[in-house]
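Okay, structure first, notes after.
What follows is calculated from the coordinates using simple rules that are stated; it is not laboratory data. The model shown is predicted, which means the values in this text are computed figures rather than measured ones. We place every Cβ from the backbone using ideal geometry, glycine too, and count neighbours over all the protein chains shown.
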Amino acid sequence: MSTEDGERSGRPKEVATDENVKKIHKMIFKDSKLKLNKIADTLKISIECVYHIIYEYLGMRKLCAKWVPRELTFDEK
């Protein structure tokens, strides 16, 4: 009898994969007014994970109903 867990099938532990980050970035680039629940429904992941990817990995935040980078350049302001 072993006390170690074997490999399990199912969802990956980490949802913030490079593939998901790229997909979300591409979706936001096409439509900056996209809502979190629309992205979550499309990618079949939770809204919290989508928000985490956008905020932490892409460095964006919602401003006037659009996703924009947190640090704007002088020309963007």
statement: With Rg from the Cα atoms and Rh as the Kirkwood inverse mean 1/r over Cα pairs, region 18-69 has an Rg/Rh of 0.90
- request: Mind putting a number on the dipole of region 18-69 about its Cα centre? Charges go on the C-beta only, +1 for Lys and Arg and -1 for Asp and Glu, and I need it in Debye to the nearest 20.
  value: 300 debye
task: Report, in whole Å, the centroid distance computed from the Cα atoms of region 17-32 and region 44-58.
output: 10 Å
